[in-house]
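Read the structure below first, then the notes.
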Amino acid sequence: MGLAGAALSMPRWPGESAPTVAIVIDPDDAIASSAPVKWAVAELVQRLVDVQVTVRTVGRITDAGAGDVCIIATGNRTPLATLTASSVPSDAESLALFETRVNGRHAIVAAGADSRGLAYALLDIADRVRSPATARASLASLRITKPIIERPANPVRSVMRQFTSEPLDKPWFHDRDGWKAYLTMLATHRFNRLHLAFGLGYDTLTNVRDSYFVFTYPFLVAVPGYGVRASNLPDAERDRNLEMLRFISDETVARGLDFELGLWMHGYQMPKSPDAKYVIQGLDSDTHAPYCRDALAAVLKACPSISSVGLRIHGESGIAEGSYEFWSTIFDGVPRAGRTIEIDLHAKGIDATMIARAAKTGMPINLSPKFAAEHCGMPYHQAAIRELEMPVAGRTGAGLMTLSEGSRVFTRYGYADLMRNDRTYTVRTRIFAGTQRLLASGDPVWAAAYSRSFGFAGMTGADLMEPLTCRGRRGTGVLRRDGYRDETLAPSHDWEKFGSWYRTLGRMMYNPATAADVFRREFHAGTGGSALASALAKASRILPIVTTAHLPSAACDAYWPEIYWNQPMLAEAPGNPYTDSPSPKNFQHVSPLDPQLFSSISECADELLSGKRTGKYSPLDVERWITGLALGAERDLERAGPQTSAQARRIVADVHIQAGLGRFFGAKLMSGVFYALHEKTGDTRALGEALRAYRSARESWTAVVQWSTSVYQNDLSVSDKISEHGHWADRLGLLDQDIDQMSKKLAALPVVDHNIGAVIDAVRAETRSVIACTHTPPASFKRGVDVAIGVKTAANAVRMYYRHVNQAERYEVAELVLQNGMFRGVIPGAYTASPYGLQYYFELTEHQKRPALYPGFAAELANQPYFVLYTL
């Protein structure tokens, strides 16, 4: 670069004039001359040119003009690195950004440990350039007042985009310019993997209406010797699909991202599917597995940029669980491509035999368990899975699901028993999109918390199903993919609406300590942008909280809290989609996603009536959280004032809708507690309070309908299930029906007072206790050796709950003993002698106070509410 021995001095930003920018790239610097960095430089140049900044690229700093602002791109350890707070990190993908002066020229130094890190540094500079702006203002936005040193917290930061609907997804699949813009956005926000998935449109192959790309191979390749094809698919279209896949994967890698091909369906027969246009021909049970193996190898050879293959191996793949020979044959297709390619196995139904079969290929193996069932809950791994998924001796599944509904049922919705310390595979969690698909979100604080959780027990990151996932699934694709009725709100590309989602999660997954100004870039200054960002952040927490605390169904194909199908309190509704909810399947009996830390409505009522409280978070705590967030979001919108840009108007509408949903769920949870008290006692005052709260919930839902009707189209389908299509307005009928039945019940009953007035009054006055406590967890533990635990607290009793980092196990309970001013206990050596880490938390009891959990949740609800220990 010609910088060795250069005279360095403190930076002085240029004056009023707008000088030329010179981008300095040493041709001898292998990192700075790599393809991803060259692409990033081109992006930076274009951003500057767009705001009328004159730009030139030079090979030496001495070639720059005397008054130029120099941007030096370097992958080397130069003397410039000594000017930063510390040297440029050596970790993969790490970077440094800082200002200096070199031989009288102002310089911004972008340094990277590798091509990806240097590209990120350059893209960060480009991201600071906002349009419209003057050249001088744009240059001023590049100021780096103190050195920035960053390294990735999560090695894998993946976004999954699914093809599930021919009418809605074909346009974006073949949009080359759209792909370039989308991939540039992913790289800018430091995602380092794209998972393009096919075959998720169905999880059973009966009544298939939209069969495009479901069994994927024949839509991409003609495999010599098989004669397999999809009916009604022209050869030219098949070849164009493969060419497009090659283009997408190549463009992904050109921007420094990895590319994963997801093949989620391997069944090909579609019984009872008269509407299926594309039927697979030329395949039978004898050729099925060999064809898939050879077709997979053919696709991998034709698309050399593919570096990972994602496979669903449980029964929803169309293949019976336990079909180890079938999958071994398919796995063999990966090494036939002649290069190292990761095999990424979706973890539902996984067992040691399947893992071993995949490992025989010699390829790296990753397992991807679900983060919060098929939804997105609060930013931590649930302390326990639901009782419905806990293992039961002798349990057997049926049909294709013999393992995932039988002996391996606990693998369905969490990390299960996969976090062994001696594992030979990597694990990264996968966040499904069941909670929120349509509405904008973005919260830097919670994004940082999710990022930290993605490293839990040695996980290597996460694969995030992006917004709009499943739009048009199961043949329901109509109108616009983005769902807008008001076309003045429609973005050029549907993903552009979700800029804050991509920015907050991508940047925080890379570095959970990312500076706040990075996220303010999404909002224009001077137009209430700060207040709008705050409103969106608060609103973004509401539905994940609801998901964690109240989960009628773990399936994203049944429960959609964003457009909630109302579960009644009185009588179970005909066609109830929440089939995996505890019986009786009414609102008040629903299990939390995390039943270890949260109580159900019915459990809360039992606690209130008995006076025997636990430290669990109750539905009343949840009501206070989400109602407070709704109120805060609405106040922020008032501060933001009227908005004119399409993006700001989209956010305003979505925040109003989410705030309304927060008020609705808060009021309905309150109603549920009152109704449960009535059910258990017959008290009519409790029933009256339930009805009052339910009507309040209905008012909030009406407000959601009013906000959404002019904004969103009538059918926002993500499936053909009753709870997965339609609009908010369609749900009013079920609400009114249940409220009417409750009203009639109250009118028909004589007044019954069971002397629970104090309990009823306590429902609305419910607060959590604050009990002082400190605990320093051990740094680690040694297998087979007791782990000593000490807690200093004002409580008069301390109970410890602990278990292995294995969700198939139940918690052990130990009462700690007060000794010399500290409560003490041990996790026995017999228990620590396992291949798993340990997790634990405390329940604190103090006289006249409701028990509390420690560490529990802090004010932002963004921390891990338990401690985790790992072996030496």
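Observations on the structure shown:
- Rounded to the nearest 500, the 222 nm mean residue ellipticity of the chain from helices alone is -10000 deg cm²/dmol, with -39,500 (n - 2.57) taken per DSSP H run of at least 4 residues.
- Distance between the modelled labels on Asp715 and Ala762, one decimal in nanometres: 5.1 nm (7 Å Cα→Cβ projection).
- Between Met390 and Arg485, the modelled labels are 4.6 nm apart [label points 7 Å from Cα along Cα→Cβ].
- Summed side-chain charge close to Ser540 - residues other than Ser540 whose Cβ falls under 11 Å, Lys, Arg +1, Asp, Glu -1: 0
- The length gained on full extension between Arg143 and Asp91, counted as 0.36 nm times the residue separation minus their Cα-Cα distance, comes to 16.2 nm.
- Using C-alpha pairs under 8 Å with a sequence gap of at least 6, the mean separation divided by the residue count of the chain gives a relative contact order of 9 percent.
- Probing with 1.4 Å while keeping every protein chain in the model, the per residue accessible area of the chain equals 35 Å².
- Take the Cα of Asp63, go 7 Å toward its beta carbon, and the backbone nitrogen atoms of the stretch 24-40 under 14 Å from that spot belong to 24-29, 33.
- Between Asn103 and Ala779, the contour length at 0.36 nm per residue exceeds the alpha carbon distance by 238.4 nm.
- Area projected by the alpha carbon convex hull of the stretch 399-499, averaged over all directions, nm²: 9.5
- Given R0 = 45 Å, the distance between the Cβ atoms of Val826 and Arg635 translates into a calculated FRET efficiency of 0.40.
- For the pair Lys180 and Arg649, a Förster radius of 30 Å applied to the C-beta separation gives a FRET efficiency near 0.65, rounded to the nearest 0.05.
- Area accessible to solvent at Tyr120, 1.4 Å probe radius, in Å²: 10
- Accessible-area value, Cys292, 1.4 Å probe, nucleic acids and ligands omitted, Å²: 0
- Accessible area of Leu118 in the full protein assembly, 1.4 Å probe (Å², nearest 10): 0
- Of the accessible area of the stretch 716-872, computed with a 1.4 Å probe over protein heavy atoms only, carbon and sulfur atoms account for 55 percent.
- When you work out D = kT/(6 pi eta Rh) for the stretch 492-606 at 4 °C and 1.567 mPa s, using the Kirkwood radius from C-alpha pairs as Rh and the Stokes-Einstein form, the result is 76 µm²/s.
- With a cut-off of 17 Å on the backbone N, the residues of the stretch 732-774 near the modelled label site 7 Å out from Lys792 along Cα-Cβ are 771-774.
- Computed from Cα positions, the angle between helix 529-540 and the longest principal axis of the chain comes to roughly 50 degrees.
- Packing, taken as the mean count of other beta carbons within 10 Å per residue, orders the peptides 31-41, 652-662 from highest to lowest as 652-662, 31-41.
- For His754, net neighbour charge (Lys/Arg +1, Asp/Glu -1) across residues whose Cβ lies under 15 Å away: -4
- For the chain, share of DSSP beta bridges that run antiparallel, in % to the nearest 5: 45
- Against the chain, whose longest principal axis comes from its Cα atoms, helix 115-128 is set at around 80 degrees.
- Global form of the stretch 688-773, assessed from the alpha-carbon gyration tensor, a/c cut-off 1.5: oblate
- For the pair Ala352 and Lys744, label points projected 7 Å from Cα toward Cβ lie 5.8 nm apart.
- Angle in degrees between helix 732-748 and the longest Cα principal axis of the chain, rounded to the nearest 10: 20
- In the stretch 539-585, Cα pairs under 8 Å separated by at least six residues give a relative contact order of 37 percent.
- Take every pair of alpha-carbon atoms less than 8 Å apart whose residues are at least six positions apart; their mean separation over the length of the stretch 747-824 yields a relative contact order of 23 percent.
- Using a cut-off of 26 Å between Cα atoms, the listed pairs Lys668/Lys721; Lys348/Lys497; Lys585/Lys744; Lys585/Lys668 include Lys348/Lys497 as exceeding that distance.
- The candidates Thr402, Thr62, Thr216, Thr681, arranged from most to least accessible area with a 1.4 Å probe in the full protein assembly, appear as Thr62, Thr402, Thr681, Thr216.
The values are calculated or read from the model by the stated rules, or taken from the named source; none is laboratory data. Predicted, not measured: the structure shown is a model, and the values here were computed from it. Every residue, glycine among them, receives a Cβ derived from its backbone with ideal geometry; neighbour counts consider all protein chains shown. Just the protein is used for accessible areas: all its heavy atoms, side chains included, with ligands, DNA and RNA removed. Shrake-Rupley method; radii C 1.70, N 1.55, O 1.52, S 1.80 Å.
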